[in-house]
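Scroll down for the structure; my scribbles are underneath it.
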Amino acid sequence: MKILLVKPKARLRTVLGFEALQRLEPIELGYLAAAVPERHPIKIVDLRLFRNAENAFKSVLRRFGPDIVGFTGYTHEATIVKGLSRMVRQLLPRAFIVVGGHHATVAPSDYNTSSIDAIVRGEGCATFRGLVGAIEDGEIGRPISGLLWTGEHYDMEQEGIWPQFPDPATLPKPRRDLWDPMTYRSVWVSEEMKPWGRIFPAVSLVRASWGCRMKCTFCVVPHLCGGEHRPRPADWVAEEIEKLPTDHVYFCDDENFIDEEFAWNLAEAIERRGIQKRYFAWTRSTTVNRSPDLLKKWRELGLDGAFLGFEFTTDSELKRARKGGTVAGNERALDVLRNAGIAVHAGFMVTPDYTESRFAELRHYVRNLPPAQCSFTVTTPSPGTPDYDAMRAEMWVDQPFDFHDCMHPLTQTHLPLKRFAELFAIQASEGAAKTPLRQHNHPLVPTDLIRVLRAQHRYESGYRRMYRDYPRELWT
């Protein structure tokens, strides 16, 4: 059977603006492809790469003629995925259509429609392999762990049970041969960038573990993983890194260093193999402050940058979100990382009830930070979390999933929406000015300079014009 796996193209300006700075490979589809028996021809199409995504998709459908079409997608892409599934149903009525990804996992009932045949939840490799086998055997409706059949076979009781994550050692190596690795790039900032160094290198994604032990109220990960952090075998991860076609590695773990023993084991495995690559990872202030020697070791191996979730600028806000840290702890972690030579991407959140004065306080706080790449999102709990359920009655748009990109407020803003967007954009612009590249006046290759200026304009414009995505009556 011919299988087509599809990465949709977002519609929101905020997401498209962010993609100008970072577009990472469709690794989730690479894992699914690796799980399918080799006798099935398989193709991946990344619609983010096309100016006219719908025309490109129709062309692929006609030329490839798949028997199975699988979509991944985040919550803000759900409407797009459903539209593409209807297109498949119209052009290839006999094709089997399946969806997976984050939205399918946390809100599967939204995909229980006539244009979709099955829904894969959670880590989908074993589930998708089982589904392909069931289709091949003509056994539609066969019970498969992690799968919901749509229509008359839809299991409402199973919908309310979180899928179980498998042993990470069962995760196959993704099929990177199904895309051009040089296509996927990310702005790359470090504390010690060489003069005239390239800041948009080709980047490969690696997943060394999944899960997190923390219980932040806005995050769905604790529910999916039962509060556990589960790593893959360190030697397997090091072997995958060694064979990557790119020199820059972006870890897509929920938290890379929370399991200190595993992080040391992976560092030792990389060192034994003599791997010379550059890394970006995600971490927490509590982890950094507890294990500074571990981060120093990773710096020796090539760790250029780390994402640090500051989230809020007051201890009371952090406590409400159950972050398990403090403002002072965040600042100390920033210093620990920078003193080790690791650039920091500091992530902040704003809430819809922000006032003029609260935005001003945030700008003042960020201005007084040491150099760091700062980004900002609107607090947006994932479907399936207590915070999301609590705010559901206050949502002020008819289709909240369409706005669920962590940059659109889902509840009414205290300020007029247009003013909120303006201040949000100003904050994003000032945050970008804090990057070590600008603070240290690193000279850039002219083509990279032009690219970063264009990307920054699109990024900030997405924030500033965000209010236009809402009905006009909500603008003021």
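Can you check what the net charge comes to around Pro381, using other residues whose Cβ is under 11 Å from the Cβ of Pro381 (Lys, Arg +1; Asp, Glu -1)? Please report the intermediate quantities before stating the final value.
On the way: positive: Arg392; negative: Asp387, Asp389.
Neighbour charge sum, excluding Pro381 itself: -1.
Loop only by DSSP, 14 or fewer other Cβ within 10 Å of the Cβ. Give me the trypsin sites (Lys or Arg not before Pro) in the stretch 76-120 that pass, ordered by residue number. Display every interim value, and only then the final one.
Numbers: sites: Lys82, Arg86, Arg89, Arg94; in loops: Arg94.
Hits after loop and neighbour filter: Arg94.
Expressed as a whole number of Å, what is the distance separating the alpha-carbon centroids of the stretch 232-281 and the stretch 85-117?
35 Å
Counting only chymotrypsin sites (Phe, Trp or Tyr not before Pro) that sit in a DSSP loop (anything but H, G, I, E, B) with at most 16 other Cβ atoms within 10 Å, what is the longest stretch of the chain containing none of them?
On the way: sites that count: Phe50, Tyr154, Trp196, Trp396, Trp475.
In the chain, the maximal stretch lacking such sites is 197-395.
Could you name the aspartates and glutamates in cross-link range of Lys58, using Cα to Cα under 14 Å and dropping any fewer than eight places away on the same chain?
Asp46
Count the net charge of all other residues whose Cβ sits under 13 Å from the Cβ of Pro143, scoring Lys and Arg as +1 and Asp and Glu as -1. Please report the intermediate quantities before stating the final value.
Numbers: positive: Arg142; negative: Glu139, Asp155, Glu157.
Cβ neighbours under 13 Å give a net charge of -2.
As an exercise, identify the trypsin sites (Lys or Arg not before Pro) in the stretch 23-70 lying in DSSP coil whose Cβ has no more than 15 other Cβ atoms within 10 Å. Spell out each step's value before the answer.
Working: sites: Arg23, Arg39, Lys43, Arg48, Arg51, Lys58, Arg62, Arg63; in loops: Arg39, Arg51.
Those that pass, being in a loop and sparsely packed, are Arg39, Arg51.
Calculate the radius of gyration of the Cα atoms of the stretch 246-351 to one decimal place, then report Dmax, the largest Cα-Cα distance, as a whole number, both in Å.
Considering the stretch 246-351 through its Cα atoms, Rg and Dmax are 14.1, 46 Å.
Using 0.36 nm times the number of residues separating Lys173 and Arg23, minus their current alpha carbon distance, what extension gain do you get?
On the way: separation 150, 0.36 × 150 = 54.00 nm, distance 2.05 nm.
Value of the extension gain: 51.9 nm.
Mind ranking Lys173, Lys297, Lys7 by accessible surface for me, highest first, 1.4 Å probe?
Details: Lys173 90, Lys297 40, Lys7 20 Å².
Order by accessible area, largest first: Lys173, Lys297, Lys7.
For the stretch 203-286, what is the largest minus smallest coordinate of the Cα atoms on each principal axis, given in angstrom and ordered from greatest to least?
Answer, in whole Å and largest first: 39, 24, 22 Å.
Give the cysteines in the chain for which no other Cys Cβ lies under 4.7 Å away, or write none if there are none.
Cys125, Cys212, Cys225, Cys252, Cys374, Cys406
From the helices alone, meaning DSSP H stretches of at least four residues, give me the mean residue ellipticity at 222 nm for the chain, per-run term -39500 (n - 2.57), in deg cm²/dmol to the nearest 500.
Details: 19 runs with 183 residues, N = 476.
Using -39500 (n - 2.57) per qualifying helix, the result is -11000 deg cm²/dmol.
Quick check: at a probe of 1.4 Å, how many percent of the accessible area of the chain sits on carbon and sulfur atoms? Spell out each step's value before the answer.
Details: 10010 of 20390 Å².
Carbon with sulfur: 49 percent of the solvent-accessible area.
Taking Rh as the Kirkwood radius, which is the inverse of the mean 1/r over Cα pairs, what is the Rg/Rh value for the stretch 111-174?
Details: Rg = 12.2 Å, Rh = 12.5 Å.
Result: Rg/Rh = 0.97.
When Lys and Arg each count +1 and Asp and Glu each count -1, what net charge do the other residues less than 15 Å away from Arg472, Cβ to Cβ, add up to?
Details: positive: Lys418, Arg465, Arg468; negative: Asp398, Asp469, Glu473.
Residues near Arg472 contribute 0 overall.
Separation of the stretch 1-78 and the stretch 142-172 by C-alpha centroid, Å?
First find each Cα centre; the distance between them is then 22 Å.
Amide H to amide H under 5 Å from Phe376: which residues, 5+ apart in sequence or cross-chain, H placed 1.01 Å off N in plane?
Distant-sequence amide H within range of Phe376: Phe348.
Taking the Cα-to-Cβ direction at Lys296 and at Arg198 and moving 7 Å from each Cα, how far apart do the two end points lie in nm?
Going by the 7 Å Cα→Cβ label model, 3.3 nm.
Taking each pair of distinct Cα atoms in the stretch 63-157 once, what is the resulting Kirkwood hydrodynamic radius in Å? Could you put the intermediate results ahead of the total?
Details: mean 1/r = 0.0756 Å⁻¹.
Answer for the stretch 63-157: a Kirkwood hydrodynamic radius of 13.2 Å.
Hey, can you find the accessible area per residue of the stretch 329-476 for me, probe 1.4 Å, expressed in square angstrom?
Working: 6620 Å² over 148 residues.
Per residue, the stretch 329-476 has 45 Å² of solvent-accessible surface.
Hey, which aspartates and glutamates would be in cross-link range of Lys215, C-alpha to C-alpha under 18 Å, not counting anything within fewer than 8 residues on its own chain?
Glu228, Asp253, Asp254, Glu255, Asp259, Glu311, Asp315, Glu317, Asp387, Asp389
Give me the Kirkwood hydrodynamic radius of the chain, using the inverse of the mean 1/r over all pairs of distinct Cα atoms, in Å to one decimal.
Working: mean 1/r = 0.0429 Å⁻¹.
23.3 Å is the Kirkwood radius here.
Multiply the residue separation of Arg94 and His223 by 0.36 nm, subtract the distance between their alpha-carbon atoms, and state the gained length in nm to one decimal.
Details: separation 129, 0.36 × 129 = 46.44 nm, distance 3.63 nm.
Working it through step by step, the gained length comes to 42.8 nm.
Which pairs break 28 Å Cα to Cα here: Lys173/Lys297; Lys2/Lys173; Lys82/Lys323?
Working: Lys173/Lys297 26 Å; Lys2/Lys173 21 Å; Lys82/Lys323 35 Å.
Those over the limit are Lys82/Lys323.
Give the span of the stretch 145-220's Cα atoms along each principal axis, as three whole-Å numbers ordered largest to smallest.
60, 34, 26
Might you work out the accessible area of Cys219 for me, using a 1.4 Å probe with all protein chains in place, and round it to the nearest 10 Å²?
Result for Cys219: roughly 40 Å² accessible.
Semi-axes of the equivalent ellipsoid of the stretch 40-84: what are they in whole Å, largest first, if each equals the square root of 5 times a C-alpha gyration tensor eigenvalue? Walk me through the intermediate numbers first.
On the way: eigenvalues 66, 37, 18 Å².
Its equivalent ellipsoid spans semi-axes of 18, 14, 9 Å.
If you build the convex hull over the alpha carbons only and average its shadow over all orientations, what do you get for the stretch 306-430? Give it in nm² to one decimal. Before the final figure, lay out each step's value.
Numbers: hull surface 31.9 nm².
It is 8.0 nm².
DSSP loop GluC sites (Glu not before Pro) in the stretch 75-157 with at most 14 other Cβ atoms within 10 Å of their Cβ, which ones? Write down the numbers at each step before the final one.
On the way: sites: Glu77, Glu123, Glu136, Glu139, Glu152, Glu157; in loops: Glu123, Glu139.
Sites meeting the loop and neighbour criteria: Glu139.
The values are calculated or read from the model by the stated rules, or taken from the named source; none is laboratory data. All values derive from a computational prediction rather than experimental measurement. Because the Cβ atoms are built from the backbone with ideal geometry, glycine has one as well, and the counts that use them run over all protein chains shown. Keep in mind that these areas ignore ligands, DNA and RNA; they rest on the heavy atoms of the full protein, side chains included. Shrake-Rupley method; radii C 1.70, N 1.55, O 1.52, S 1.80 Å.
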